[in-house]
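Student: First, the structure itself, so that you have it in front of you.
The values are calculated or read from the model by the stated rules, or taken from the named source; none is laboratory data. Computed from a prediction, not measured in an experiment: that's the story for all the values here. Note: ideal-geometry Cβ built from the backbone for every residue, glycine included; neighbour counts use all protein chains shown. Note: accessible area is taken over every heavy atom of the protein model, side chains too, but ligands, DNA and RNA are not part of it. Shrake-Rupley method; radii C 1.70, N 1.55, O 1.52, S 1.80 Å.
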Amino acid sequence: MPSRKTKGKKKSAPSAPVPKDALNNVKNKIKRENLLYAAKKVHNVSKHKARKERLKMEEADQQLKEERLANNIPSTIERMRVYDETVDAAIEGEDEFEEYFKNKTAPKVLITTSKFARAQAYELSDQLINIIPGSEFVKRGHKFSMKEIAKFCINRDYTDLIVISEDKKVVNGLTFVHLPAGPTMFFTLSSLRMPKQISGHGRATSHVPELILNNFSTRLGMTVGRLFQSLFPQTPEFVGRQVVTLHNQRDFIFFRRHRYLFKETERVGLQELGPQFTLRLRRVQRGIADEMEWEHRPEMDKEKKKFHL
């Protein structure tokens, strides 16, 4: 008795694309899927054919490729950014970082934690001491407030204070206080990865790293960038080949630390040293945690094309 099993028919592509109206009128689901598959196949074949023809023309005339790349600019969220009048604008009012940029004071940073800190906060503090030259760690007493710690730092000529915050044994924020007169900035911290969690990481040395700041373009962003600059000496030791990068993208600040390696005469390799984490600015206060100057609010996230840094 012959078997009832029959081989399925191969889906054949039509010579011309199927109109959308024709697909809407087909009630049978299987036939509609076959027609859609065929239409996509025709579209892909024509697209690859046009691409090959375009490549041949561009090989013959390089100007055609340059014109195509100049005209075909992708519409990313960054390119559709809402206009901000403070982009590349000069800093107004009093400049709290003036002494640093005039080389009047060398950075001296104190690092501490929130009250009742746990293991991860102390582990991150060890990494920050290794990253920021001339920084020191002091364990926080349970009775001291932020202003009392800041006063302690001012009396001992510290220029900056960093406080590591945590919640439920997990580090979730960093507070930066520029001394003696502020400002105070609080950042939430996420996506923390220690060097031991990074595959193939290198071992950092004690050399002063170079500092790279990307995309801090608004007046607020430039203030944040100047805060990060004030943590590092202005004389990096290039022999160490270490680079600290703070890259701002859509108001998320990505922290990375690398060592560049000269493997060849033409190309340079990068070896990550760690740690990795992401910061997001939540508030800026005048002085030492005094008057609120800027605060991130939930309704700010509704406009996806509006950036503040």
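Student: Every residue in the range 156-189 that is assigned to a strand (DSSP E or B) and among the acidic types (Asp, Glu), please.
Tutor: Just the residues of the range 156-189 that are assigned to a strand (DSSP E or B), to begin with: 160-167, 170-178, 184-189.
Answer for the range 156-189, where residues must be assigned to a strand (DSSP E or B) and among the acidic types (Asp, Glu): ASP160, GLU166, ASP167.
Student: Something else now. Would you kindly identify the strands (runs of 3 or more DSSP E) lying entirely within the range 211-308 that contain at least 3 residues that are at pLDDT 90 or above and under 15 Å from the mean Cα position of the chain (by Cα)? So that I can check it myself, show each step before the final result.
Tutor: Working: elements: 242-249, 252-261, 269-272, 276-285, 292-295.
It comes to 242-249, 252-261, 276-285.
For every residue, the table says whether it meets (1) under 23 Å from MET194 (Cα atoms); (2) touching a Lys or Arg at 6+ places or on another chain (Cβ under 7 Å); (3) not hydroxyl-bearing (Ser, Thr, Tyr); (4) not assigned by TED's automatic domain parsing to the domain that holds MET185.
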residue: PRO236; (1), (2), (3), (4): no, no, yes, no
residue: GLN242; (1), (2), (3), (4): yes, yes, yes, no
residue: LEU246; (1), (2), (3), (4): yes, no, yes, no
residue: LEU273; (1), (2), (3), (4): yes, yes, yes, no
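Student: Which residue pairs have Cβ atoms under 9 Å apart, sit 6 or more places apart or on different chains, and have a first residue in the range 255-274 that is open to solvent by 100 Å² or more (accessible area, probe 1.4 Å) and a second that is of a type in the set (Gly, Ala, Ser)?
Tutor: PHE262/GLY269; LYS263/GLY269
Student: Also, I was wondering about something else. Hey, can you tell me all the residues within the range 136-155 that are assigned to a loop (DSSP other than H, G, I, E, B) and under 22 Å from ARG286 (Cα atoms)? Lay out the reasoning, then the answer.
Tutor: Initially, the range 136-155 is screened for residues assigned to a loop (DSSP other than H, G, I, E, B), giving 138-145.
Within the range 136-155, PHE144, SER145 qualify.
Student: Which ones in the range 57-85 are more than 21 Å from the chain's Cα centre (by Cα), surrounded by 10 or more Cβ atoms within 10 Å (Cβ to Cβ) and part of a loop (DSSP other than H, G, I, E, B)?
Tutor: ASP61, the sole residue that qualifies.
Student: For the range 155-191, enumerate the residues that are open to solvent by less than 80 Å² (accessible area, probe 1.4 Å) and small (Gly, Ala, Ser).
Tutor: Hits for the range 155-191 are SER165, GLY173, ALA181, GLY182, SER190.
Student: From ALA106, ALA119, grab the single residue that is surrounded by 13 or more Cβ atoms within 10 Å (Cβ to Cβ), assigned by TED's automatic domain parsing to the domain that holds GLU210 and touching a residue at least 40 places away in the same chain (Cβ under 8 Å).
Tutor: On the way: ALA119 fails: surrounded by 13 or more Cβ atoms within 10 Å (Cβ to Cβ).
One residue alone meets the criteria, ALA106.
The rows are residues; the columns are (1) open to solvent by 70 Å² or more (accessible area, probe 1.4 Å); (2) out of contact with any strand residue (DSSP E or B) (no Cβ under 8 Å at 6 or more places or on another chain).
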{"site": "ILE198", "(1), (2)": "no, no"}
{"site": "ARG203", "(1), (2)": "yes, yes"}
{"site": "GLU210", "(1), (2)": "no, no"}
{"site": "PHE216", "(1), (2)": "no, no"}
{"site": "ARG219", "(1), (2)": "no, yes"}
{"site": "VAL224", "(1), (2)": "no, no"}
{"site": "GLN229", "(1), (2)": "no, no"}
{"site": "GLU237", "(1), (2)": "yes, yes"}
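Student: Mind checking which residues of the range 138-154 are modelled with pLDDT of 90 or more and either aliphatic (A, V, I, L, M) or buried (at least 17 other Cβ atoms within 10 Å of the Cβ) (or both)?
Tutor: VAL138, ILE149, ALA150, CYS153, ILE154
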